[in-house]
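Have a look at the structure below before the remarks.
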Amino acid sequence: MEKNSSCCFSNLSSNLPITCFVTFIAIILVRILYVIWRTCKPLRKRTSQQPLSTLVVLGSGGHTAEMIDLLLVLQKNKFTPRFYIAAATDNMSLQKARVLENSLADSSGVKEISAEFMQIYRSREVGQSYVTSVWTTLVALAHALWLMIKIRPQVVLCNGPGTCIPLCVIAFIFKVVGIRWSSIFYVESIARVKRLSLSGLLLYKLRIADQFFVQWPQLQRKYPRAHYVGCLM
Amino acid sequence: MGEAEDGVKPKRVVFVTVGTTCFDALVKVVDSQKVKDELLRRGYTHLLIQMGRGSYLPEKSIGDDGSLAVDYFTFSSSIAEHLRSASLVISHAGSGSIFETLRLGKPLIVVVNEDLMDNHQSELAEELAERKHLYCARPQTLHQTIASMDLESLLPYSPGDATPVAKLINRFLGFPED
């Protein structure tokens, strides 16, 4: 008897690191499943009217134009402070965001602009091969982590540029690890009628976005968890 | 559009825009004799090309010998004025250019850039063409589209609205409806 129990005990102690590791992985998986389950559930009714810090991801071409259209109808006092992030090679987007914020400050008579403007390394340039994009995405991920640790937003608004993927993945990791619970809203571009963009596909399939909006009914039929909201432009 | 009394044709401008992209194929084909002849035949007098990051330079022309007057520039901070004074817009398939033109109620031919990887832009152009808000063409077929287009048959586009999204976002976050 004694020999058996000492045998068991020595087995356990030699397997301890493995046991710990497996347990750790299991905890992470359960936590991830919980986050995914909880992700599409609306937040509880807010008794306090505290504004939510908001990250706005801008992108070249129509992305920023569509995002500005959305921001114009959101109540700014609920979504503040606002952090705008655009790709480092994108010169016009932050400028357009600054114009928006300036006009907001003018119209409300407030001198202080409660907005910050930042640039991030791009995961993938338009036309870049998908193979080299793997490395550039890793660099972008590291940079995104740095920015996200500083911002820790409660709301993330994005509409498709590749820059939003590292940011949304990190926001999701923050949820898993408990650093910050954020609500991620993704509006697929109006230019996507029958197929989702790569960013949209990733955020939809991996269930990272809390709410996923599409602007054409064909997409809503294909991706039933998406909300059809009609054309924004 | 009738002619003025002294026989001078009223100014009808065709504005071509490629947005912030490089779309030499469109600029080249618009500058070709085939397309310019077709535009003249349809009663246009001036051709203004916004060529963006392209490298092909069209040939400028004053158009005093009855030919089309041609001019071009690379970028401007806002093309709204050019859109407003145009009688016809020929644009690349970028959503910004498309909707800016449709919101101004201008007749529009969208030309899809076939050199782009993963050409998702064509989906939007084709969908809007199906709904009869614009004409859709490829660089090689542009002259045929110009020849056969019936601008009266185009349907006006009513601008979209972002408030449904805002409502859903507010509701999700638990903000009270106002």
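Each value in this text was obtained by applying a stated rule to the coordinates, not by laboratory testing. Owing to the predicted nature of the structure, the values given are computational and were not obtained by experimental measurement. Neighbour counts are summed over all protein chains in view; Cβ atoms, including those assigned to glycine, are modelled from backbone coordinates with ideal geometry.
Taking GluC sites (Glu not before Pro) in DSSP loop states with no more than 10 other Cβ atoms inside 10 Å as exposed sites, chain B has its longest site-free stretch at B:60-176. If only the Cβ of Lys and Arg carry +1 and only the Cβ of Asp and Glu carry -1, the dipole of the stretch B:50-178 around its Cα centre is close to 260 debye. What translational D, rounded to a whole number of µm²/s, comes out for the protein assembly as shown from Stokes-Einstein when the hydrodynamic radius is the Kirkwood one over Cα pairs, at 25 °C and 0.890 mPa s? D = 102 µm²/s. Extension gain for B:Arg171-B:Asp37 works out to 42.6 nm (0.36 nm per residue, less the C-alpha to C-alpha distance). Compute the separation of the alpha-carbon centres of the stretch B:54-113 and the stretch A:62-99 and state it in Å as a whole number. Centre-to-centre (Cα) distance: 27 Å. Computed from backbone phi with θ = phi - 60° and the Karplus coefficients 6.51, -1.76 and 1.60, the 3J(HN,Hα) list for the stretch B:121-126 is 4, 5, 4, 5, 4, 5 Hz; x is used for glycine and proline. Loop sites by DSSP among the GluC sites (Glu not before Pro) of chain A, restricted to those with at most 15 other Cβ atoms within 10 angstrom, leave A:1-111 as the longest stretch without any of them. Between A:Leu145 and A:Arg207, the C-beta separation translates, for a Förster distance of 22 Å, into a calculated FRET efficiency of about 0.55.
Computed from backbone phi with θ = phi - 60° and the Karplus coefficients 6.51, -1.76 and 1.60, the 3J(HN,Hα) list for the stretch A:67-83 is 5, 4, 4, 5, 4, 4, 9, 8, 6, 5, 6, 8, 10, 7, x, 9, 10 Hz; x is used for glycine and proline.
Report summary: the helix-based calculation at 222 nm, which adds -39500 (n - 2.57) for every DSSP H run with n ≥ 4 and divides by the residues of chain A, gives -17000 deg cm²/dmol. Mean per-residue shielding of peptide A:177-188 is 1, counting Cβ atoms of other chains within 10 Å of each Cβ. Pair-distance distribution P(r) for the stretch B:13-173, from all Cα-Cα distances in 5 Å bins starting at 0: 2, 9, 18, 22, 20, 14, 7, 4, 2, 2, 1, 0, 0, 0 percent. List the lysines whose alpha-carbon lies under 27 Å from that of A:Lys175, not counting same-chain residues fewer than 8 positions away? By straight Cα distance, A:Lys175 reaches A:Lys41, A:Lys45, A:Lys76, A:Lys78, A:Lys150, A:Lys205, B:Lys167. Loop-located trypsin sites (Lys or Arg not before Pro) in the stretch B:87-134 (DSSP state other than H, G, I, E, B) with a sparse environment of at most 16 neighbouring Cβ atoms within 10 Å: B:Arg131, B:Lys132. Could you please state, rounded to a whole Å, how far the C-alpha centre of the stretch A:156-197 is from the C-alpha centre of the stretch B:29-51? Answer, in whole Å: 43. When the alpha carbon gyration tensor of chain A is reduced to an equivalent ellipsoid, the three semi-axes, largest first, read 39, 21, 19 Å.
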